[in-house]
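Nothing in this text is a laboratory measurement; each read-out follows from the coordinates by a stated rule. All figures in this text were calculated on a predicted structure; none of them were measured in a lab. Because the Cβ atoms are built from the backbone with ideal geometry, glycine has one as well, and the counts that use them run over all protein chains shown.
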Amino acid sequence: MTDAKSTGWPFTVQAAYVGLTLQMAFGLIGLAVGFGGALAMMLPQFWGLVAVAAVILGLTGWVMARFPRRERRVRWGAAALQAVLIAGWLVVEWADAKLGTLSFLSLNVLIPTFVVAMLFTPAAARWFDR
């Protein structure tokens with residue numbers, strides 16, 4: 001069965017949406033684990049990380065909810081959010097002195113890169129430029 005919302009979406013837009021859905025799923029799991037860790041440790045820095053994760057999840061959900069509108073700014077907003085996620089992950093890796101080749105092969109980089117690549121295809125550009 002096809003979802004009525006996604007009927008007529010180009011393959012690349014559907015692939016980008018699946019990538020965003022994967023990010024939401026992994027993010028919700030991470031938020032639950034982070035919330036449990038913040039409750040166990042009761043340290044302010046853990047609560048800050050939980051707040052950042054919640055904001056990122058909220059923005060990702062907001063972008064996903066606006067995909068059916070086919071507005072150009074939704075496409076660019078999704079791409080910008082993915083770029084911020086990639087940059088944020090690489091900054092964290094650099095700050096922990098773990099930045100290396102394997103840092104670029106983690107799911108925190110690969111999934112957002114995939115979403116950006118799918119959003120920058122000509123089919124996605126035509127679809128979002130209604």
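Can you say whether Trp89 is out of contact with any helix residue (DSSP H, G or I) (no Cβ under 6 Å at 6 or more places or on another chain) and closer than 21 Å to Phe120 by Cβ, as far as the supplied structure shows?
no
If you go through segment 17-26 one residue at a time, how many are within 11 Å of Ile111 (Cβ to Cβ) and surrounded by 19 or more Cβ atoms within 10 Å (Cβ to Cβ)?
Of the residues in segment 17-26, 3 are within 11 Å of Ile111 (Cβ to Cβ) and surrounded by 19 or more Cβ atoms within 10 Å (Cβ to Cβ).
Can you run down the residue pairs with Cβ atoms below 6 Å, 6 or more apart or on separate chains, where the first is in segment 64-89 and more than 18 Å from Phe104 (Cα to Cα) and the partner is charged (D, E, K, R) and surrounded by 13 or more Cβ atoms within 10 Å (Cβ to Cβ)?
Matching pairs, first to second residue: Val74/Arg66.
How many of the residues in segment 57-73 are within 17 Å of Thr113 (Cα to Cα) and either buried (at least 18 other Cβ atoms within 10 Å of the Cβ) or among the hydroxyl-bearing types (Ser, Thr, Tyr) (or both)?
Total meeting the criteria: 2.
Considering only segment 43-85, state which residues are farther than 25 Å from Arg126 by Cβ and outside any helix (DSSP H, G or I).
Leu43
Any residue in segment 99-121 that is over 14 Å from Thr60 (Cβ atoms) and touching a residue at least 24 places away in the same chain (Cβ under 8 Å) sitting within a Cβ distance under 8 Å of a residue that is among the hydroxyl-bearing types (Ser, Thr, Tyr) and crowded, with 16+ Cβ neighbours inside 10 Å? List the pairs, counting only those 6 or more apart or interchain.
Pairs that qualify, where the first residue is over 14 Å from Thr60 (Cβ atoms) and touching a residue at least 24 places away in the same chain (Cβ under 8 Å) and the partner is among the hydroxyl-bearing types (Ser, Thr, Tyr) and crowded, with 16+ Cβ neighbours inside 10 Å, are Met118/Thr12; Thr121/Thr12.
Scan segment 96-130 for residues that are of a type in the set (Ser, Thr, Tyr), closer than 25 Å to Pro10 by Cα and under 17 Å from the mean Cα position of the chain (by Cα) and report the count.
The qualifying residues number 1.
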